[in-house]
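What follows draws every value from the coordinates through simple rules; no lab data is involved. Please read these numbers as outputs of a predicted model, since none were measured by experiment. Ideal geometry is used to build each Cβ from the backbone, glycine not excepted, and the neighbour counts take in all protein chains shown.
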Amino acid sequence: MDAKIVALAGGSGFIGRAIARRLLAAGGVKLRVLTRNPGTARARLDLTGVDFVQADIVQPASLADALKNANTIVDAIQFDGYPVENPRRGLTFERVDYGGTVALLEAAKHAGVQQFIYISGAAADENSTHPGFRAKGRAERAIRESGLTYTVFRPSLVYGPEDKVVNGLARAIRFAPVFGVPGTGRQKVQPVLVDDLAACVMLAVSGRGRNGTYDIGGPDLMTFDEMMRIIMDASGHRRPLFHIPETVMRGVGGLLEKLPKPILSRDAITFVTADNACDIEPLVDEFGINLTPARVGMAYLAKK
Ligand SMILES: NC(=O)c1ccc[n+]([C@@H]2O[C@H](COP(=O)([O-])OP(=O)(O)OC[C@H]3O[C@@H](n4cnc5c(N)ncnc54)[C@H](OP(=O)(O)O)[C@@H]3O)[C@@H](O)[C@H]2O)c1
């Protein structure tokens, strides 16, 4: 039997790279990375045996050739600057998270792709007032109603040696005498190691979790403050924490979102102060995975 062709949209990104490595290590698939810049993506991924194909999910015409003969799509895309939208450049949840997913689905149906695997988010909810959570919720519905076989993963915060968020927090702690946590610090997070997510995606490609939606977080539910303490312990840099009220952060976000290239927005503050708890039981039952505790998974911070 021919190897399955997996089209990995977002394969040059943080989560996409972990998925690519896991799929190649498992074998039995031909991997095709969909990217806006094949040259850059090839250099970033540095793996042999991968095809890199030019595709932009907000340019639906570019998708037909990219999906030719593919059996499975893995969608791990997010817009540049996420979670700070830049409507002037078309970088919005609505256009990329929702519209891009719909475009991929349409192209998938035309190309005869059978399976769609989506990296959504823990707070996805089509009725949410937050544009990001709403766009992911609407994208999920489009997937469920597409007629394709699907698996949706809803990760809480994803971390790993190449992530931006946890590494960024560790770096900030190292260089600052005190650290300002956005909001109360009591928001719930359940950080999941990127390799655990990639392992589940690999199992989904081979048929596990068929037509299911799965929360995925680490084994420990914690507050943002507790996560900061784990990061400080792992990196060896202990700092006092203080809390910046959400109203203050939103005020700053309201000013900064007016810049031509916004670096913060009110919605981004809502995003980082929202709860990201997961019910991991259905995932563990279906995928049989031993999720990595944060204190073990974040050991790479010792080098920072
Ligand atoms: N990281 C987390 O903690 C986390 C938590 C929950 C959910 N998620 C979800 O997981 C997914 C992946 O996140 P990530 O952290 O891996 O993102 P990332 O590192 O920022 O990677 C984003 C990827 O999206 C691709 N991309 C962006 N715009 C595109 C477009 N118009 N057309 C085609 N490709 C495009 C980029 O590819 P090129 O630049 O090569 O085109 C890149 O590979 C997202 O849906 C995100 O919401 C992430």
Under Karplus coefficients 6.51, -1.76 and 1.60, residue-wise ³J(HN,Hα) of region 141-151 in Hz, glycine/proline x: 4, 4, 5, 4, 8, 6, x, 7, 5, 9, 9
Evaluate the relative contact order of the chain (contact order divided by residue number), counting alpha-carbon pairs under 8 angstrom at least 6 apart; express in whole percent. 18
Along the principal axes of its C-alpha atoms, what lengths does region 230-277 span, in descending order and rounded to whole Å? 38, 24, 17
Pop out the ³J(HN,Hα) list for region 80-96 in order, Karplus 6.51 cos²θ - 1.76 cosθ + 1.60 with θ = phi - 60°, rounded to Hz; leave Gly and Pro as x. 4, x, 2, x, 8, 6, 9, x, 4, 9, x, 9, 10, 4, 4, 6, 8
Treating the Cα atoms of region 1-150 as identical point scatterers in vacuum, please give the log10 of the normalised Debye intensity I(q)/I(0) at q = 0.16, 0.21 Å⁻¹, two decimals. -0.83, -1.39
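In debye to the nearest 20, how big a dipole does the chain give about its Cα centre with +1 on each Lys and Arg Cβ and -1 on each Asp and Glu Cβ?
860
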Calculate, in whole percent, how much of the Cα-Cα pair population of region 175-304 lies beyond 24 Å. 44
Using θ = phi - 60° and the Karplus curve 6.51 cos²θ - 1.76 cosθ + 1.60, what whole-Hz ³J(HN,Hα) does each residue of region 176-183 get, with Gly and Pro shown as x? 10, x, 9, 10, x, 8, x, x
Radius of gyration and Dmax for the chain's Cα atoms, expressed in Å? 19.0, 59
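Take THR92, THR40, THR101, THR48 and order them by how many other Cβ atoms sit within 10 Å, fewest up front.
Numbers: THR92 19, THR40 12, THR101 26, THR48 6.
Fewest-to-most Cβ neighbours within 10 Å comes out as THR48, THR40, THR92, THR101.
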The ratio Rg/Rh over the Cα atoms of region 243-301, Rh being the Kirkwood inverse mean 1/r radius, stands at 1.21
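Can you tell me the FRET efficiency between ILE263 and PHE179 if r is taken as the Cβ-Cβ distance and R0 is 25 Å, rounded to the nearest 0.05? Don't skip to the answer; put the middle values down first.
On the way: r = 19 Å, r/R0 = 0.75.
Computed FRET efficiency for ILE263 and PHE179 comes out at 0.85.
With n ≥ 4 as the cut-off for DSSP H runs, can you work out [θ] at 222 nm for the chain, using -39500 (n - 2.57) per run divided by the number of residues, rounded to the nearest 500?
Numbers: 12 runs with 115 residues, N = 304.
Rounded to the nearest 500, it is -11000 deg cm²/dmol.
With charges set only on the Cβ (+1 for Lys and Arg, -1 for Asp and Glu), what does the dipole of region 182-304 come to about its Cα centre, in debye to the nearest 20? Numbers along the way, then the final one.
Details: 14 positive and 15 negative charges, 139 e Å.
About 660 debye.
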